[in-house]
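Below is one structure, written out as structure tokens; the observations come after it.
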Amino acid sequence: MAELAGLDDPKARAVNEKHGDDHGVNLTALRALAKRLKTQQELAGRLWETGDSAARLLGILICRPKAFGRDELDAMLREARTPKVHDWLVNYVVKKNPHAEELRLAWSADPDPVVASAGWALTTERVAKKPEGLDLAGLLDVIEAEMKDAPDRLQWAMNHCLAVIGIEHAGYRDRALAIGERLEVLKDYPASPGCTSPFAPVWITEMVRRRQGS
């Protein structure tokens, strides 16, 4: 904890706070620290229990993702609070855990929009890598009906799923583009130079263009 405190940068903290995060540790420095510590499941658990966001991020990097039980991950997600801890927990731990599919189904139906956003993130992973058994048309129905008025983090996760359906599944591309055009979610979101807009029609079109090499 003392070492993490020494890595805290007020400028980084100010930038992070604009995104809802409450730590100031440079993530490159955090990854270097994790590399030095290597995998330590017990230490990872103790770091999580501190409640400190930088400590939790470090814990995520040094844990064994398959070692967590379903209820343990469910409790951790609900405690995650900040966007970065939430995202890393889902992407670096839950996606590699044997309970991922069970949690995807449970979280997608959760009344808490932040928890539901984790369910959508896991669904997007399946859309891209293991779509067998998914009802893609049904997912588009839900996105079309609910994304426009969804809270920010849930809306972002649903929009990501919409884009990935359009990018990965040509048979649903026209419908995904049409939904994006009609709902206009994130249409005016400021994209950094060199980055693709998160507006689904632009995102889908650009990624398909790149893959086709045109």
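The values are calculated or read from the model by the stated rules, or taken from the named source; none is laboratory data. Note that the structure is a prediction, hence the values are computed from the model and not measured. Glycine also receives a Cβ, built like all others from the backbone with ideal geometry; neighbour counts cover every protein chain displayed. All accessible areas refer to the heavy atoms of the entire protein, side chains included, with ligands and DNA or RNA removed. Shrake-Rupley method; radii C 1.70, N 1.55, O 1.52, S 1.80 Å.
Examine segment 106-118 for a residue that is more than 30 Å from residue 17 (Cβ to Cβ) and either out of contact with any Asp or Glu (no Cβ under 7 Å at 6 or more places or on another chain) or open to solvent by 20 Å² or more (accessible area, probe 1.4 Å) (or both), and state whether such a residue exists.
Yes, there is a match, as at least one residue in segment 106-118 is more than 30 Å from residue 17 (Cβ to Cβ) and either out of contact with any Asp or Glu (no Cβ under 7 Å at 6 or more places or on another chain) or open to solvent by 20 Å² or more (accessible area, probe 1.4 Å) (or both).
Inside segment 1-53, residues that are among the small types (Gly, Ala, Ser) and at positive phi make up a count of 2.
Restricting segment 179-194 to residues that are hydrophobic (A, V, I, L, M, F, W, C) and either touching a residue at least 24 places away in the same chain (Cβ under 8 Å) or outside any loop (DSSP other than H, G, I, E, B) (or both), which is nearest to residue 164 (Cα to Cα)?
If we take residues in segment 179-194 being hydrophobic (A, V, I, L, M, F, W, C) and either touching a residue at least 24 places away in the same chain (Cβ under 8 Å) or outside any loop (DSSP other than H, G, I, E, B) (or both), then 179 is nearest to residue 164 (Cα to Cα).
Select from segment 1-25 the residues that are without any contact (Cβ under 8 Å) to a residue 12 or more places away in the chain and among the polar types (S, T, N, Q) and list them in ascending order. Listed by number, the list is empty, since nothing qualifies.
Checking 67, 34, 29 one by one, the residue that is over 20 Å from the mean Cα position of the chain (by Cα) and modelled with pLDDT under 95 is 29 and no other.
Among residues of segment 85-102 that are among the hydrophobic types (A, V, I, L, M, F, W, C), those with a Cβ under 7 angstrom from a residue that is not in a helix (DSSP H, G or I), sequence gap 6+ or separate chain, pair up as 89/80; 93/63; 93/68.
Meeting the requirement of 1 or more residues that are among the hydroxyl-bearing types (Ser, Thr, Tyr) and under 21 Å from residue 83 (Cβ atoms), the helices (runs of 4 or more DSSP H) wholly within segment 1-58 are 27-37.
Residue count for segment 195-214 under the criterion of being assigned to a loop (DSSP other than H, G, I, E, B) and not aromatic (Phe, Trp, Tyr): the result is 6. Here is the figure for segment 26-50: residues that are open to solvent by less than 50 Å² (accessible area, probe 1.4 Å), over 17 Å from residue 1 (Cβ atoms) and free of Cβ contacts under 8 Å to residues at least 24 places away in the same chain total 0.
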